[in-house]
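Right, one structure below, let's go through it.
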Amino acid sequence: MDKQGGEARRITLHRPEDFEGARRAGQLAAACLDMIEAHVKPGVTTGALDRLCHDFMADHGAVPATLGYRGYAHSSCISLNHVVCHGIPGERVLCEGDILNIDVTALLDGWHGDTSRMFAVGEVSTKARLLIEVTYEAMMRGIAAAKPGASFGDIGHAIQSYAEKHRFSIVRDFCGHGIGRNFHEPPNVLHFGRPGEGPRLQPGMFFTIEPMVNAGRPEVKILEDGWTAVTRDRSLSAQFEHMVGITETGCEIFTLSPAGRHKPVFR
Ligand code: MF3
Ligand code: CO
Ligand code: CO
């Protein structure tokens with residue numbers, strides 16, 4: 001067996017009836033982000049936003065999957081400005097001009113739903129706005145490439161080529177992942193790559209596409225807390241995350257916003 005075949009064999013193929021569980025978990029995570037949007041304003045702490053996410057998931061019969069995951073003690077990751085991902089909610093107060101990613105994972109009836117979005121606090125810079133728009137579009141182009149017979153390299157290439165066309169860079173140190181009854185499982189879903197590389201997509205594969213795009217260089221470093229990833233050059237970073245399931249003809253996005261609030265509306 002070649003390397004590709006070996007890797008592809010480790011990817012769970014879910015049954016048609018499994019889509020409903022993943023869809024319910026994904027929709028709950030997306031609804032949580034819909035709920036939080038009204039609270040993203042100057043003066044609120046990231047810790048307060050995290051508690052709102054916690055209570056929303058709990059009130060809807062779900063457990064925040066990040067709570068206690070590898071020692072992580074919060075219900076969301078909240079990553080501001082030059083934080084790439086895994087920002088820890090706390091005393092930081094949101095200010096006009098901040099951009100932030102809120103990432104939540106709901107565990108509902110045994111299924112995980114994982115999604116993140118960018119939010120803008122008041123008026124943000126033109127650069128920040130462009131970075132957010134490009135990151136969203138890059139993710140959507142990756143999703144458009146997700147269909148049976150395509151390869152994971154096709155997804156990565158669609159994302160990378162679009163981001164780099166805008167002279168932004170793709171973070172290499174973090175990737176999307178298989179998901180379902182487990183929070184993280186094979187494969188690693190790279191947000192860069194070449195067409196035709198990597199395993200082939202098949203109906204029943206569930207995974208996330210969650211590109212992190214930097215305004216400057218792609219390198220990251222992890223802070224002393226062991227979680228917070230920041231851009232080494234302190235340039236702005238943005239991320240969106242959807243969770244998809246491969247169907248016979250393409251893919252279903254499990255984490256579409258029920259309220260249709262897919263990305264920030266800028267003012
Ligand atoms: N939700 C993140 C992801 O997209 C994982 C966060 S793990 C945590 O995979 F421990 F940092 F919360
Ligand atoms: Co994820
Ligand atoms: Co996530």
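The values are calculated or read from the model by the stated rules, or taken from the named source; none is laboratory data. No experiment lies behind these values; they were computed from the predicted model shown. As a convention, Cβ positions derive from the backbone with ideal geometry for all residues, glycine included, and neighbour counts pool all protein chains shown. The accessibility values were calculated without ligands, DNA or RNA, using every heavy atom of the protein model including side chains. Shrake-Rupley method; radii C 1.70, N 1.55, O 1.52, S 1.80 Å.
Between Arg234 and Leu256, what is the label-point separation in nm under the 7 Å Cα-to-beta-carbon projection?
With each label placed 7 Å out from Cα toward Cβ, I get 4.2 nm.
List the chymotrypsin sites (Phe, Trp or Tyr not before Pro) in the range 167-267 that DSSP assigns to loop (not H, G, I, E or B) and whose Cβ has at most 15 other Cβ atoms within 10 Å. Which are they?
Phe266
Quick one: work out Rg over Rh on the C-alpha atoms of the range 141-225, Rh as Kirkwood radius.
Rounded to two decimals, Rg over Rh is 1.00.
Just report the Cα centroid separation between the range 160-184 and the range 188-267, whole Å.
Cα centres, the range 160-184 to the range 188-267: 4 Å.
Could you give the Stokes-Einstein D for the chain in µm² per second, using the C-alpha Kirkwood radius, 4 °C, 1.567 mPa s?
The estimated diffusion coefficient comes to 71 µm²/s.
Per the Debye formula with a single identical scatterer at each Cα and no solvent contribution, what log10 I(q)/I(0) holds for the range 172-267 at q = 0.12, 0.13, 0.14, 0.16 Å⁻¹?
Ignoring solvent entirely, the Cα scatterers give -0.51, -0.59, -0.68, -0.86.
Where does the range 1-78 land on Rg/Rh, using Cα atoms and the Kirkwood Rh?
1.14
Could you give me the radius of gyration and the Dmax of the range 93-141, taking only the C-alpha atoms into account and expressing both in angstrom?
13.8, 42
Quote to one decimal, in nm, the extra length available between Ala48 and His184 on full extension: 0.36 nm per residue of separation minus the C-alpha distance between them.
My answer for the length gained is 46.3 nm.
With the convex hull built on the Cα atoms of the range 60-101, state its orientation-averaged projected area in nm².
3.9 nm²
Note down the magnitude of the dipole of the chain about its Cα centre, charges +1 on Lys and Arg C-beta and -1 on Asp and Glu C-beta and zero elsewhere, to the nearest 20 debye. Can you show the working numbers first?
Details: 28 positive and 32 negative charges, 126 e Å.
Dipole of the chain, to the nearest 20 debye: 600 debye.
Which log10 I(q)/I(0) values, to two decimals, does the range 1-139 give at q = 0.12, 0.13, 0.14, 0.20 Å⁻¹ under the Debye formula with one point per Cα?
Debye output, listed in q order: -0.55, -0.63, -0.71, -1.16.
Give the ranking of Cys95, Cys251 by solvent-accessible surface, highest area first, calculated with a 1.4 Å probe.
Cys95, Cys251
Just to be sure I follow the rule: in the chain, considering lysines 8 or more places apart or on different chains, how many pairs have Cα atoms under 23 Å apart?
Lysine pairs satisfying the spacing and distance rule in the chain number 7.
Keeping all protein chains in place and using 1.4 angstrom, which order do His74, His242, His184 fall into by accessible surface area, from largest down?
Ranked list, largest accessible area first: His184, His74, His242.
Would you mind counting up the charge near Asp50? Only other residues with Cβ under 12 Å from its Cβ, with Lys and Arg at +1 and Asp and Glu at -1.
Every neighbour counted, the sum reads -1.
Could you report the chain's accessible area per residue, 1.4 Å probe, as an integer in Å²?
Details: 11490 Å² over 267 residues.
That works out to 43 Å² for each residue.
With the chain treated as a Gaussian network of Cα nodes joined by springs under 10 Å, which of Ile209, Ile253, Ile170 yields the largest mean-square fluctuation?
Among Ile209, Ile253, Ile170, the largest mean-square fluctuation in the Gaussian network model of the chain belongs to Ile253.
Find the centroid of the Cα atoms in the range 129-157 and in the range 74-97, then give the distance between the two in whole Å.
About 25 Å separates the Cα centre of the range 129-157 from the one of the range 74-97.
Per-residue ellipticity at 222 nm for the chain, helices alone: DSSP H runs ≥ 4 residues times -39500 (n - 2.57), over residue total, nearest 500 deg cm²/dmol?
The helix contribution divided over the chain gives -9000 deg cm²/dmol.
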